[in-house]
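Read through the structure below, which is laid out as structure tokens, and then see the notes.
Read-outs: derived from the displayed coordinates by stated rules, not from any lab. Keep in mind the model is a prediction, meaning the values are calculated, not measured. Every residue, glycine as well, gets a Cβ built from its backbone with ideal geometry; the counts of neighbours run over all protein chains shown.
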Amino acid sequence: MEIGIIGVGNIGSMLLETLYNENYTFNIINRTRSKLKKYEKIESIKICKSIKDVYENSKYIFIAVKPQHIDEVFEELSELEEKENYLISTAAGKELKEIIEKTHKNNVIRIMPTVISKIGKGVTAISFNKTIEKNFKKSVIDLMKPLGKILELDEEKFDAFTILNSSGPAFVAFILESFIEGAINIGLHAETAKDIVLKTFEGSIKFLEKEEIDLSELKYRVSSPGESQ
Ligand SMILES: NC(=O)c1ccc[n+]([C@@H]2O[C@H](COP(=O)([O-])OP(=O)(O)OC[C@H]3O[C@@H](n4cnc5c(N)ncnc54)[C@H](OP(=O)(O)O)[C@@H]3O)[C@@H](O)[C@H]2O)c1
């Protein structure tokens, strides 16, 4: 199987490193080539000189450049003949309709990934152009299994999903920072505060899952009301 990646930044490198499998060949390209140096010696990773090279040698082509840079990639793709291969866009806010129009391709899939999929724990939303057959959808979903949960989602829900899931890790980091700052303010050493906060969050999630209780039950167990006087 040949997999292409156009743009190897946060998401492109996450996809490359998480989907990496010795049975696959990866054809990758990045605007700043020096970023790809660490992949140079890996036999199954080919650093390409052009988007055409990536497209023509890959069955699945992930496009992982920022939305403000994506039009130039679409334009280059639009000049290439459609083959038995599939474009998979990761760009926030770029709808299938626009990608199809600008690339002049029908085999188009949209995903909304998250950086935490690097440890196989994230949720990735996926939406297919309606011309893509049901049987084929399963093979794309199987390909992406190492990313964690793959959720087929109506495109109109992608914006809400992006805020919750793809931007979510940044909000989580913000909340954790606030807890740590609070802990430091009440006298704990920074490292100790961080350790306690991370373990409390991790433990609370695992506890909810293992005990199979809902959030209100956890709140009740921690803050069970005292006897009224
Ligand atoms: N980051 C997230 O958590 C997240 C979550 C969900 C969706 N997304 C989406 O994923 C996409 C990528 O985001 P990102 O955070 O990975 O951005 P990023 O870290 O900036 O990576 C984008 C990469 O694309 C490269 N690039 C730009 N133009 C190119 C071109 N014409 N040809 C080849 N490579 C090109 C850039 O090269 P340089 O090295 O020259 O900059 C950069 O390495 C975006 O569309 C974003 O909406 C991101």
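Taking the alpha carbon gyration tensor of the stretch 168-222, what are the square roots of 5 times its eigenvalues, largest first, to the nearest whole Å?
Its equivalent ellipsoid spans semi-axes of 23, 13, 10 Å.
Measure up LYS97/LYS134; LYS97/LYS206; LYS37/LYS199; LYS94/LYS194; LYS37/LYS194; LYS83/LYS138 against 31 Å on the Cα-Cα distance and list the ones that go over.
Beyond 31 Å: LYS97/LYS206; LYS37/LYS199; LYS94/LYS194; LYS37/LYS194.
Near the amide H of LYS59, under 5 Å away, which other amide H atoms are found, from residues 5 or more places off or on another chain, if H is placed in the peptide plane?
Amide H to amide H, under 5 Å and 5 or more residues apart or across chains, LYS59 pairs with GLU2, ILE3, GLY4.
Given H placed 1.01 Å from N in the peptide plane, which residues other than close sequence neighbours of LEU151 have an amide H under 5 Å from its amide H?
THR124, ALA125, ILE126
Taking θ = phi - 60°, what integer Hz values does the Karplus form 6.51 cos²θ - 1.76 cosθ + 1.60 yield along the stretch 90-99, in sequence order, with x for Gly and Pro?
9, 6, 5, x, 9, 7, 3, 4, 5, 5
Would you mind checking which residues have amide H under 5 Å from ILE45's amide H? H placed 1.01 Å from N; only 5 or more apart, or other chain.
HN-HN under 5 Å from ILE45: PHE26.
Report the FRET efficiency, 1/(1 + (r/R0)^6), for ASP159 and SER44, where r is their Cβ-Cβ distance and R0 is 45 Å, rounded to 0.05.
0.80
Evaluate the relative contact order of the stretch 19-164 (contact order divided by residue number), counting alpha-carbon pairs under 8 angstrom at least 6 apart; express in whole percent.
Reported relative contact order: 17 percent.
In whole Hz and in residue order, list the ³J(HN,Hα) couplings for the stretch 79-87 that follow from phi through the Karplus curve 6.51 cos²θ - 1.76 cosθ + 1.60, θ = phi - 60°; x for Gly and Pro.
Rounded to whole hertz, the list is 7, 9, 6, 5, 10, 7, 9, 10, 8.
Considering the stretch 2-166, what Rg and Dmax in Å follow from its alpha-carbon atoms?
14.5, 42
Ranking TYR220, TYR20, TYR39, TYR55 by Cβ neighbours within 10 Å, fewest first, what do you get?
TYR220, TYR20, TYR39, TYR55
If I model a spin label at LYS97 and GLU181 as a point 7 Å from the Cα along the Cα→Cβ vector, what separation in nanometres do I get?
It is 4.2 nm.
Hey, can you rank 129-136, 143-150 by average C-beta count inside 10 Å, highest first?
Packing order, densest peptide first, comes out as 143-150, 129-136.
Between THR32 and VAL172, with labels modelled 7 Å along Cα→Cβ, what's the label distance in nm to one decimal, could you check?
Once both label points are built, they end up 2.7 nm from each other.
What distance in nm separates the two pseudo spin-label positions at TYR24 and ILE196, each 7 Å out from Cα along the beta-carbon direction?
4.3 nm
Per-residue HN-Hα couplings for the stretch 62-75, Karplus 6.51 cos²θ - 1.76 cosθ + 1.60 at θ = phi - 60°, whole Hz, x for Gly and Pro?
After applying 6.51 cos²θ - 1.76 cosθ + 1.60, I find 7, 10, 10, 9, 5, x, 6, 10, 6, 4, 5, 5, 4, 5 Hz.
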